[in-house]
Amino acid sequence: MQVEDIISDAQSNGYGKTKMVDFFTHSRGDGPIGGELTGGNAEHKYNLSNQTRRLMDSFQMTLEGWAEIDFNFANESSLAVYHGCKTNRFASNFIGITNVHYVAFMEDLQ
């Protein structure tokens, strides 16, 4: 299910703005690492490997792709939390490309 579908379903059931979203993930520079090719193929416009030319980035979305997602954040009280290794850089980038008000990250520093 896509984020937009979840938001639409929540709104139709009387729910309001998104207050908090949690990401449990491993991460690299441009964010969470997925288990499938971003966009379904390596040529998708939001597939990070198109920018970096590194095969290992095929499972990451570009910052432009993340910016296109409307999380429907509440303006003054929204929070995005990242749980996982190497999430601090993306958490900082995420606040700059979305209208989330606060970000936090929790990394395993071992």
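Brief remarks follow.
- Cross-chain or 6+ apart pairs with Cβ under 8 Å, the range 14-31 first and within 18 Å of residue 60 (Cα to Cα) and of a type in the set (S, T, N, Q), then at pLDDT 85 or above and surrounded by 12 or more Cβ atoms within 10 Å (Cβ to Cβ): 25/32; 25/33; 25/82; 25/83; 27/33; 27/82; 27/90
Residue by residue, here is whether (1) among the hydrophobic types (A, V, I, L, M, F, W, C); (2) farther than 26 Å from residue 9 by Cβ; (3) within 15 Å of the chain's Cα centre (by Cα); (4) modelled with pLDDT under 85 holds:
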| residue | (1), (2), (3), (4) |
| --- | --- |
| 68 | no, no, yes, no |
| 76 | no, no, no, no |
| 83 | no, no, yes, no |
| 94 | yes, no, yes, no |
| 101 | no, no, yes, no |
| 105 | yes, yes, yes, yes |
| 110 | no, yes, no, yes |
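Every residue, every condition in (1) modelled with pLDDT under 90; (2) within 18 Å of residue 102 (Cβ to Cβ); (3) surrounded by fewer than 12 Cβ atoms within 10 Å (Cβ to Cβ), yes or no:
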position: 3; (1), (2), (3): yes, no, no
position: 21; (1), (2), (3): no, yes, no
position: 30; (1), (2), (3): yes, no, no
position: 54; (1), (2), (3): yes, no, yes
position: 57; (1), (2), (3): yes, no, no
position: 73; (1), (2), (3): no, yes, no
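- Failed condition for residue 105, given (1) among the aromatic types (Phe, Trp, Tyr); (2) surrounded by 17 or more Cβ atoms within 10 Å (Cβ to Cβ); (3) in contact (Cβ under 8 Å) with a residue 60 or more places away in the chain: (3)
- Candidates 42, 80 - the one that is touching a residue at least 60 places away in the same chain (Cβ under 8 Å) and small (Gly, Ala, Ser): 80
The values are calculated or read from the model by the stated rules, or taken from the named source; none is laboratory data. Just so we're clear, the structure is a prediction, and the values are computed from it rather than from any experiment. Glycine gets a Cβ as well: all are built from the backbone with ideal geometry, and neighbour counts include every protein chain shown.
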